[in-house]
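Where a number appears in this text, it was derived from the coordinates with a stated rule and is not lab data. Just so you know, these numbers come straight off a predicted model, no measurement behind them.
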Amino acid sequence: MKVTRRQFLKFTSGAIGAAAAADLARPAKADGAGGAQKAPIKSGKQVPTLCPYCSVGCAQIAMVDEKGKIIDIQGNPDSPINEGTLCPKGAATWQFVNNDQRWTRVKYRAPGSDHWEEKPLDWAMQRIAELTKQTRDANFNEFQGMPDGKGGTVKKRVMNTYALASLGGATMDNEWNYAHQKLFHALGVVYLENQARI
């Protein structure tokens, strides 16, 4: 008997549909065998938060125990942005927080060193500020030669530096971006970027 492709698909889709309907119609047993499984319910204090990944800003609910440890992270159904849904990265946020390999302290590797040292956060912030000022001062352009349109150059006041750049993170909100770009423009930084997917 010759079976066409259309007949084969019609038969198999009907058979699969019938099998699925029969399985759904079967009553669940008390031990969970042969029926719907019960999802484990985690209980604790619910803390609203945001996903740390892309710039969409999906709302999440972090469930924390009495010691403040995060035991579960779910999408927040009250959010108009994601309405409780999360992408695969957002759904895996719990693994991002509870990861044995995640560094939770400042690590510093001195120039020429072959190992990392632990440093206090205050030290790291002060070091970043010092190096930023040192680099800006050493490479600051008060004036720069510009074409005058007649084949020559003319000095123009530019007050900038090309030695520093800023690449913004994905979860920087509008308010932070505003303050961030104001700070870097005040320093004379020209290269400012905030791209979530780089």
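May I have the extent of the alpha carbons of the range 139-198 along their three principal axes, as whole Å values ordered from largest to smallest?
46, 21, 19
Relative to the present Cα-Cα distance, how much length would full extension add between Q7 and A138 at 0.36 nm per residue of separation?
39.4 nm
What Kirkwood radius, in Å to one decimal, follows from the Cα pairs of the range 99-198?
16.8 Å
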